[in-house]
1. Using label points projected 7 Å from each Cα along Cα→Cβ, tell me how many nm separate Ser46 and Met115, to one decimal.
2. Counting only other residues whose beta carbon sits under 13 Å from that of Cys99, what net charge do I get with K and R as +1, D and E as -1?
3. Could you give me the ³J(HN,Hα) list for the range 63-76, computed from phi with Karplus coefficients 6.51, -1.76, 1.60 and θ = phi - 60°, whole Hz, x at Gly and Pro?
4. Principal axes first, then extents: for the Cα atoms of the range 65-104, list largest minus smallest coordinate on each axis, whole Å, largest first.
5. Stretch Leu12-Leu64 to full length: gain in nm at 0.36 nm per residue minus the Cα-Cα span?
Amino acid sequence: MMEQQVLQGGLLAFAIAVMILPIVSSLVSVHVLPFGQIAEIVNKGSISCAASGAVYGMLALTGLSCLYSCVYRSRLRGQYDLEEAPCADCLVHICCETCSLSQEYRELKNRGFDMGIGKLAPLIIFSISLLYD
């Protein structure tokens, strides 16, 4: 009887983990890594991609990551004399975090920055391919 309860509890935990994995994986690959890369470049290497991404990820759990990332959008605009259009930086991040991070990532890539993710690339590509194949 006890073994059956333990087995059922283990299966439930496994099922929950399988359901949560795609959410966590997409958050990391779509938001955390690109933000970390953007922040590292905007800060000129003074803060690592991993550290910025970790702070962003923790703030994402509270729903406040958009406020943190809009600061970097403002810094990026200031460094490259980009206009604040079509609306305020924080409004862009609040309304569509994914779009704003994509714009910033593309802006830096078009300016010649290497946006590669180094040693983590094979692991991330493998885990994403497992989820969507």
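No lab work stands behind these numbers, since they all come straight from the coordinates. If you're wondering where the values come from, they're calculated on a predicted model, not measured in any experiment. Methodologically, a virtual Cβ is constructed for each residue, glycine included, from the backbone with ideal geometry; neighbour enumeration extends over all protein chains shown.
1. 2.4 nm
2. With Lys, Arg at +1 and Asp, Glu at -1, the net is -2.
3. For the range 63-76, the Karplus curve yields x, 9, 5, 5, 6, 5, 6, 5, 4, 6, 5, 5, 5, 4 Hz.
4. Ordered largest first, the range 65-104 gives principal extents of 23, 19, 16 Å.
5. Working: separation 52, 0.36 × 52 = 18.72 nm, distance 3.05 nm.
Fully extending the segment from Leu12 to Leu64 adds 15.7 nm.
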